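Participant: One structure, as structure tokens, below. Some questions next.
The values are calculated or read from the model by the stated rules, or taken from the named source; none is laboratory data. Note that the coordinates shown come from a computational prediction; the quantities given were computed from them, not determined experimentally. Virtual Cβ from ideal backbone geometry, glycine too; neighbours counted across all protein chains shown. When the accessible area is computed, the model is the full protein with side chains, heavy atoms only, and any ligands, DNA or RNA have been set aside. Shrake-Rupley method; radii C 1.70, N 1.55, O 1.52, S 1.80 Å.
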Amino acid sequence: MSIEFAWNAQKNQMSDIKGKEREQEREGQIKNDMIDLDRTHLNYDLVQSELNLYQRAKERVDQLKSENKRVQKNSVITYSNIITIPESAAKEMSKDQMHDYFKTCHDYFVDRFGKENVLSSKIHLDESTPHMHLHFMPIDKETGRLQARTTMNKAALNEIHDEIPERLRAKGFDVVRGSGEKTKQKLDIHQYKAKLDLEKEIKDLDLDRTILHREVYYMRNNKDIERKKIERGFEEKVEAAKTEALQQIGMIKEEVAKFEYDMSQNQERLIMDTQDMNGLLDATRKDLEEHQKQLNERIDSLKELDFDESINLDLKPNLLNKVSISNDTFLELKKRAEVAERMQRALRISEQRVQTLEKSNKEKDKELGEMFNLRIENGYLKRQVEFFKQLVDKIKEMFLKQKDKEGQPKVSEKLVNQIIGFSKHYVGQGLKISKEAEPQNEHEKTGRDVAIKALAAERKEKGYGSEMER
């Protein structure tokens, strides 16, 4: 009985290739119940290479770029194909016949697109329906360019549907072109996997929704309690800060009052000293005026005399003695003048001290205001730090509460701590914080070390270091 040629093709960008690779290499969680893992070792690839599928594709893309062939980010890099042997036909074939069937299909794509552009032909024998995952790059053999629109247009697809069955018939296989109808075998291999994936995603979404509803219910019931706790804690901190600020203000007021009292006493002493000095200056001035008057009188009397050789010489000393000042009077006048000078100097110094004290008082008032503002800002920053600490703890708790259907955490506590350690260092460096938060445990320290390496690699990529590490 003839079998229909079953072939399905799908476009892939570079970002899709790793997912296709995990599927065909049986990596990660196996969702398909049709896979028999005890037979997975029977799977094999017709393309021999030490590189994985993603590395093969990237190497070929880099080669095209080196040849100045245009490859865009949204370009179709590969076509992933699934070629299936129906289960009923596979039961009638030997392993060698199935190998020849898939090898003939593989050789066709090699001839059409070039050996270097067929990246993988992985044959899966661990399912009830044998099939081959074939990945090729849609490169035009004439131009050597990546051109999915022309190499895989409608006409090209029809040719492949016609020519591969012809080659298979030439090898002795009773194969006809596929009708395009969705047979059970095709549904099993192509759509059944998608159906299982969709059902699994729906279950996961339902579970997440249930958990989320439970968390929302819990948060709503405890919202008032948490809010009251926060408000009470905030009020207590504000009250404590207010009490402390009032104490500081009281201490400063006492210092200001003492300073004002001392300044008042100094002013009183200065006033008294100034009065005494003014009195002394007045008395000294009067004495000087009196002596000046006496001196002027003596001089006037001397002018009336006619000095000549006939005057008795014994009279001259007596006349001169009348205008002389006694030694005691001169010393007293000198002493008073020195005292007056010292008092004036002391007055100037006292005035300078008063100005200095007034300036110091203004500076203390300014420092008091700044201190009060800093205490308020410090209290706000402490609340912010406590908020972000509780936020990180809550996010960590939410991560650890996420369970899979077997009741196991989706994300391990070790990984969560590593993410927190990574984020602390990465964000701290971005904000140029000189003293970053210390790791709370060994896993956070490991995450921080990863962040250090990642930042070093970024700096090297931007040209701040040596060759980029791979």
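Participant: Does the stretch 47-58 contain any residue that is of a type in the set (Asp, Glu), over 22 Å from residue 10 (Cα atoms), within 40 Å of the chain's Cα centre (by Cα) and surrounded by fewer than 13 Cβ atoms within 10 Å (Cβ to Cβ)?
Facilitator: Yes, the stretch 47-58 has at least one match.
Participant: Then there is this: State whether one or more residues within the stretch 418-433 are surrounded by 13 or more Cβ atoms within 10 Å (Cβ to Cβ), free of Cβ contacts under 8 Å to residues at least 12 places away in the same chain and closer than 30 Å to residue 215 by Cα.
Facilitator: Yes, because at least one residue in the stretch 418-433 is surrounded by 13 or more Cβ atoms within 10 Å (Cβ to Cβ), free of Cβ contacts under 8 Å to residues at least 12 places away in the same chain and closer than 30 Å to residue 215 by Cα.
Participant: Could you list, in sequence order, the residues of the stretch 172-186 that are surrounded by 13 or more Cβ atoms within 10 Å (Cβ to Cβ) and either modelled with pLDDT under 90 or out of contact with any strand residue (DSSP E or B) (no Cβ under 7 Å at 6 or more places or on another chain) (or both)?
Facilitator: The answer is 173, 177, 178, 183, 185, 186.
Participant: Is there a residue in the stretch 79-88 that is under 26 Å from residue 14 (Cα atoms), touching a Ser or Thr at 6+ places or on another chain (Cβ under 7 Å) and without any contact (Cβ under 8 Å) to a residue 40 or more places away in the chain?
Facilitator: no
Participant: In the stretch 222-247, which residues are surrounded by 10 or more Cβ atoms within 10 Å (Cβ to Cβ) and either over 30 Å from residue 372 (Cβ atoms) or touching a Leu at 6+ places or on another chain (Cβ under 8 Å) (or both)?
Facilitator: 222, 223, 226
Participant: Do any residues in the stretch 375-386 that are without any contact (Cβ under 8 Å) to a residue 60 or more places away in the chain and part of a helix (DSSP H, G or I) have Cβ atoms under 8 Å from those of residues that are of a type in the set (Gly, Ala, Ser) and open to solvent by 70 Å² or more (accessible area, probe 1.4 Å), where the two are at least six apart or on different chains, and which pairs are they?
Facilitator: From the stretch 375-386, no pairs qualify.
Participant: Further, regarding this structure: Quick test of your reading of the structure: residue 324 fulfils all but one of (1) in a helix (DSSP H, G or I); (2) modelled with pLDDT under 80; (3) polar (S, T, N, Q); (4) open to solvent by less than 80 Å² (accessible area, probe 1.4 Å). Name the failing condition by number.
Facilitator: (1)
Participant: Something else: Hey, residue 452 hits all of (1) aliphatic (A, V, I, L, M); (2) free of Cβ contacts under 8 Å to residues at least 12 places away in the same chain; (3) surrounded by 11 or more Cβ atoms within 10 Å (Cβ to Cβ) but one; which does it fall short on?
Facilitator: Result: residue 452 fails condition (2) only.
Participant: Report yes if residue 3 is more than 20 Å from residue 114 (Cα to Cα) and either in contact with a Lys or Arg (Cβ under 6 Å, 6 or more places away or on another chain) or at pLDDT below 90 (or both), otherwise no.
Facilitator: Yes.
Participant: Name the single residue that is surrounded by the fewest Cβ atoms within 10 Å (Cβ to Cβ) among those in the stretch 70-113 being basic (Lys, Arg) and in a helix (DSSP H, G or I).
Facilitator: Selected residue: 95.
Participant: Oh, and also: Among the candidates 414, 389, 445, 460, single out the residue that is closer than 30 Å to residue 241 by Cβ and either assigned to a helix (DSSP H, G or I) or over 18 Å from the mean Cα position of the chain (by Cα) (or both).
Facilitator: Only one candidate passes the filter, namely 389.
Participant: Now for a different question. Does residue 372 fit the bill of being within 30 Å of residue 256 (Cα to Cα), part of a helix (DSSP H, G or I), in contact with a helix residue (DSSP H, G or I) (Cβ under 7 Å, 6 or more places away or on another chain) and aromatic (Phe, Trp, Tyr)?
Facilitator: When the stated conditions are applied, residue 372 passes them.
Participant: Looking at (1) outside any helix (DSSP H, G or I); (2) open to solvent by less than 60 Å² (accessible area, probe 1.4 Å), find the lone condition where residue 64 falls short.
Facilitator: Condition (1) is where residue 64 drops out.
Participant: Considering only residues that are open to solvent by 60 Å² or more (accessible area, probe 1.4 Å) and outside any loop (DSSP other than H, G, I, E, B), which ones fall in the stretch 130-153?
Facilitator: 149, 150
Participant: Now for a separate question. Kindly establish whether residue 127 is crowded, with 17+ Cβ neighbours inside 10 Å, among the acidic types (Asp, Glu) and farther than 15 Å from residue 20 by Cα.
Facilitator: yes
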